[in-house]
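These notes are about the structure you will find just below.
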Amino acid sequence: MWILLVLLYGLLKGGREIAKKKAMSKNTVMEVLFVYTLMSFVFVLPEIPQAGGMEPRFFGFIALKSFVMFLAWIFGFYSLKKMPVSLYGVLSLSRVLFSTFSGVIFLHEILKGNQIAGLVIVCAGLLLLRVTPGKKNLPDTEQQTGPEAAVPEAAQTEPPAPQAEPVKPVFIILAFASCILNAVSGFMDKILMRDITSSQLQFWYMLFLVIYYGLFMLIRRIKINPTVFKNVWVWALAIMFVIGDKALFIANGMEASRITIMTLIKQSACLVTIIGGKIFFKEEHILYRLFCAAIILGGIGLSLISL
């Protein structure tokens, strides 16, 4: 059951990356961040009766987890806005290494031979993304080189899409920082769910996030355009976030679940972001990225054998 719950989270996470980029095409990063967080909190309000009875010491830990995600989302949203969603989805696999190390070192989880092999294969898929056969550029740029570059005028007959621009190193760094912070949050989930319920964690986590983003908006004097509330992608983002996190928190609360395996299963999100990148944003190099995703999914499947 916990494997299916984490798989649901992974697929919804991939859908969220698509929704984020679509939402930010109509509104600013902070508008989307704040309103989607606020909507998500409204959706979890029915859990108030189950959110009480928590020991005071856990409020501090949840506040810290929320602050980690507060930073992770800001970094992640700004980097996603400036890079192809399919590339962002595979770059996020870097959290696999951090989460695996934290699970082995701090939670004393033991990796079997097939799980180590699966981890290596998943990492290989990430590394292969850095080289596109037959191209001189890295997949970061989404630009054509070689024979395709002989007709640049034709390519300029239509307005360039945002993903056609080279990705600056600062946004790659922000994406990796977001991945590491997300991994820290995932580690904290596993620890917290040993002593509290999914309803308690989700309610207070969302409340702290709303407070953090609200204060940030006030301090920076950022105004909200009312059109953000009519942005259907923001609504979709909030719904997928609430359902996905609920599934993940429940999975973390199951004794048999392991953070090292959960991290690998979450990477199923890359398949959704790659396919969505082609459908919604007309991104290039999709076949090669699907090849990378196939390697990654193969590694996930291998890690689940004899679990």
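What are the pairs, 6+ residues apart or on separate chains, where a residue within segment 76-92 that is over 14 Å from Pro169 (Cβ atoms) and modelled with pLDDT under 75 has its Cβ under 7 Å from a residue that is surrounded by fewer than 24 Cβ atoms within 10 Å (Cβ to Cβ) and β-branched (Val, Ile, Thr)?
The qualifying pairs are Ser86/Ile286.
For segment 205-227, name all the residues that are in contact (Cβ under 8 Å) with a residue 60 or more places away in the chain and farther than 18 Å from Val44 by Cα.
Listed by number, the residues that qualify are Phe216, Met217, Arg220, Ile222, Ile224, Asn225, Thr227.
So which residues in segment 194-213 are out of contact with any Asp or Glu (no Cβ under 9 Å at 6 or more places or on another chain) and either under 14 Å from Ala72 (Cα atoms) or open to solvent by less than 20 Å² (accessible area, probe 1.4 Å) (or both), if there are any at all?
The answer is Leu209, Tyr212, Tyr213.
Among the numbered criteria (1) crowded, with 23+ Cβ neighbours inside 10 Å; (2) at pLDDT 95 or above; (3) of a type in the set (Gly, Ala, Ser), which single criterion is violated by Ser303?
(2)
Taking the conditions exactly as written (of a type outside the set (S, T, N, Q), buried (at least 18 other Cβ atoms within 10 Å of the Cβ) and at pLDDT below 70), does Leu129 satisfy them or not? Steps first, please.
Details: of a type outside the set (S, T, N, Q): yes; buried (at least 18 other Cβ atoms within 10 Å of the Cβ): yes; at pLDDT below 70: yes.
Considered against the rule, which asks whether it is of a type outside the set (S, T, N, Q), buried (at least 18 other Cβ atoms within 10 Å of the Cβ) and at pLDDT below 70, Leu129 comes out as yes.
Would you say Ala117 is within 23 Å of Phe291 (Cα to Cα) and modelled with pLDDT of 90 or more?
The answer is yes for Ala117.
Can you name the residue in segment 266-276 that is within 22 Å of Leu111 (Cβ to Cβ) and part of a helix (DSSP H, G or I) and is also most open to solvent (accessible area, probe 1.4 Å) among such residues?
Selected residue: Lys266.
Residues of segment 105-126 being surrounded by fewer than 19 Cβ atoms within 10 Å (Cβ to Cβ), over 17 Å from Leu304 (Cα atoms) and in contact (Cβ under 8 Å) with a residue 40 or more places away in the chain, which ones?
Passing the criteria: Phe106, Leu107, Ala124.
Out of everything in segment 277-298 that is part of a helix (DSSP H, G or I) and either crowded, with 23+ Cβ neighbours inside 10 Å or of a type in the set (Ser, Thr, Tyr) (or both), what residue ends up being farthest from the chain's Cα centre (by Cα)?
Per the stated criteria, the residue is Tyr288.
Are any residues in segment 26-55 closer than 17 Å to Ala236 by Cα and either free of Cβ contacts under 8 Å to residues at least 24 places away in the same chain or of a type in the set (Val, Ile, Thr) (or both), and if so, which ones?
Thr28, Val29, Val32, Val35, Thr37, Val42, Val44
Could you tell me whether Lys230 is basic (Lys, Arg) and touching a residue at least 60 places away in the same chain (Cβ under 8 Å)?
Numbers: basic (Lys, Arg): yes; touching a residue at least 60 places away in the same chain (Cβ under 8 Å): no.
No, not satisfied.
Output the helices (runs of 4 or more DSSP H) that fall wholly within segment 1-84 and possess 3 or more residues being within 18 Å of the chain's Cα centre (by Cα) and basic (Lys, Arg), or say none.
Qualifying helices (runs of 4 or more DSSP H): 2-23.
The values are calculated or read from the model by the stated rules, or taken from the named source; none is laboratory data. Everything numeric in this text was worked out from a predicted model, so none of it was measured. All Cβ positions, glycine included, derive from the backbone under ideal geometry; neighbour counts span all protein chains shown. For the accessible areas, the whole protein counts, side chains as well, though only heavy atoms, and no ligand, DNA or RNA atoms are used. Shrake-Rupley method; radii C 1.70, N 1.55, O 1.52, S 1.80 Å.
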